[in-house]
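See below for the structure under consideration.
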Amino acid sequence: MSSSTGLDSARVGGDAPAQRRRSLPLVGGGEGGRRAAVIPYRDGARGAPSAHAGPAPRSVRISVTDRCDFACTYCRPSRHDGYTDGRLMTPAWRTMFEALRDAGIRRVRLTGGEPLLHPEIVSIVASLAALGFEDLALTTNASQLARLAAPLRDAGLHRLNVSIDTLDPSRFREVTRGGELARVLEGIDAAIAAGFSSIKLNTVVLRGVNDDEIERIALWAWERRMVPRFLEVMPIAEGARLVGEHLVTAAEMRARLAEHLLQEEAISDPGLGPARYVRARRDPSLRVGFITGTSDTFCESCDRLRVSSTGVLRPCLATDDGVDASREAKAGDPAAIQRRLDEAWRLKPDGKVWKGCTEETASAVSIRAIGG
Ligand code: SAM
């Protein structure tokens, strides 16, 4: 169903998220026991509805590391939830990138974990840039961006997304479990100074936590000619605990920004992900984006593959299904990786019936390892 907002098609609050609602503390808590670093995948499994007949893989999200210096409450249970062993080393990543390019992948996004914690991130970006991908982007929490923005730009990175959920320093510390807002703001300034244009901000909106900042963040971003984007919390990983109580739908977010926005249908950028954008009333060259990962999933047109930090090819963020291509990557064999890629893509859930991160399986995955 579409409407004047263009955003309120509401499979929202579907049964699954509501049933999963639990009253666990949202911030500050949960630092209890160290959990084993279990990042499972089911090799060749078919837990999700298959018979995938959608598009061929054209975009990839690569988790170059599952390490993160933040532990956002909707992503991780604590700072001590364990990391995966067996990460791919840079030569194996290079083989992987070549195989992805040869398989017809056109758009690459580096993510994690926190990709800027990878000690060789600049050379990884340079390797990808040398392969001539149409689009080369990176999603970061910006804690390391002040020192890395210029080198990344010089290495050939095209675009940057920065995750920032609040402009209040103490709230920021709570949501990220210890993150320093000032460093993130310095990182954003450095990225603008390095020449990145139209930087996109990702803000996960949580009722009762930061939903009073939607307008402030949008205006702040526009002042710097960035593109604020507001995300519904998804019932994936730790988000599964929060969605019932804290979900703010994109339709509601848009309504709260109504006085600043043109009355028009929200539209996506073709080939650039599920966000839908609306232009600002005061200057239509400014936009705001909304991502409806819970109220309206977007699997039918999904052409996205994911590669975990250990080299597992994953057809979907919301399941543990995947095909391990690490051996082929370490052996320097791109053709063999491509065969594994075909196997992985056959496991892609059928987007006509699959409801992405609102599926039961999503609450058990590690978004850090698969690559959010
Ligand atoms: N460390 C990087 C960063 O902070 O941008 C990249 C990894 S992070 C997992 C990627 C994005 O996933 C972030 O924008 C984060 O807010 C989003 N994310 C993680 N868990 C989520 C959830 N349960 N619902 C919605 N978005 C989520």
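The values are calculated or read from the model by the stated rules, or taken from the named source; none is laboratory data. Every value quoted in this text rests on a predicted model; they were computed, and no experiment measured them. Backbone-built Cβ (ideal geometry, glycine too); neighbour counts: all protein chains shown. Side chains are part of the model used for accessible areas, which takes the heavy atoms of the whole protein and leaves out ligands, DNA and RNA. Shrake-Rupley method; radii C 1.70, N 1.55, O 1.52, S 1.80 Å.
Just to confirm, what accessible area per residue do you get for the chain at 1.4 Å probe, in whole Å²?
The answer is 40 Å² per residue.
Give the aspartates and glutamates reachable from K352 as a straight Cα distance under 16 Å; neighbours fewer than 8 places away on the same chain don't count.
D296, E300, D303
Under a Cβ-Cβ limit of 4.7 Å, which cysteines in the chain have nobody to pair with?
So far as the 4.7 Å Cβ criterion goes, C68, C299, C302, C316, C357 stand without a partner in the chain.
Could you work out the local net charge near D189, counting Lys and Arg as +1, Asp and Glu as -1, over the other residues with Cβ closer than 12 Å to its Cβ?
Surrounding charge for D189 is +1.
Tell me the relative contact order for the chain as a rounded percent, counting alpha carbon contacts under 8 Å between residues six or more apart.
Relative contact order here is 27 percent.
Can you give me the Rg/Rh ratio for the stretch 248-347, using Cα atoms for both radii and the Kirkwood formula for Rh?
My calculation of the ratio gives 1.17.
Mind pulling the per residue volume of the convex hull built on the Cα atoms of the chain? Å³ is fine.
Considering the Cα atoms of the chain, their hull volume per residue is 121 Å³.
When averaged across all projection directions, what area in nm² does the alpha-carbon convex hull of the stretch 45-200 cover?
That works out to 10.7 nm².
Once all Cα-Cα distances of the stretch 179-328 are split into 5 Å bins that start at 0, what whole-number percent is in each one?
P(r) over the stretch 179-328, rounded to whole percents: 2, 8, 15, 17, 18, 17, 13, 6, 2, 1, 0.
Which order do the peptides 336-348, 265-277, 170-182, 222-234 come out in when sorted by mean C-beta neighbours inside 10 angstrom, highest first?
For the peptides 336-348, 265-277, 170-182, 222-234, the packing ranking is 222-234, 336-348, 170-182, 265-277.
Provide the gained length on full extension for the span R327 to R282, in nm with one decimal, where the gain is 0.36 nm per separating residue minus the Cα-Cα distance.
Value of the extension gain: 10.8 nm.
Using a 10 angstrom cutoff on alpha carbons, build the Gaussian network for the chain and name the most mobile of T65, T84, T319.
Greatest mean-square fluctuation among the candidates belongs to T84.
Using a 1.4 Å probe on the protein heavy atoms, what percent of the accessible area of the stretch 256-338 belongs to carbon and sulfur?
It is 48 percent, rounded to a whole number.
Which lysines, if any, have their Cα less than 27 Å from the Cα of K330, not counting same-chain residues under 8 positions apart?
K348
Across every pair of different alpha-carbon atoms, what Kirkwood hydrodynamic radius in Å does the stretch 143-191 reach?
Radius from the Kirkwood sum: 11.4 Å.
Rounded to the nearest 0.05, what FRET efficiency do S198 and R79 have when you use their Cβ-Cβ distance and R0 = 41 Å?
Between S198 and R79 the formula returns 0.80.
Report, to the nearest whole %, how much of the accessible area of the stretch 79-170 belongs to carbon and sulfur atoms, 1.4 Å probe, protein only.
50 percent
Can you list the HN-Hα couplings for the stretch 168-174, worked out from phi with the Karplus curve (6.51, -1.76, 1.60; θ = phi - 60°), rounded to whole Hz and with x for Gly and Pro?
Running phi through 6.51 cos²θ - 1.76 cosθ + 1.60 with θ = phi - 60° gives 9, x, 6, 5, 4, 4, 5 Hz.
Grab the eigenvalues of the alpha-carbon gyration tensor for the stretch 318-357, scale each by 5, take roots, and send me the semi-axes largest first in whole angstrom.
The answer is 25, 10, 5 Å, longest axis first.
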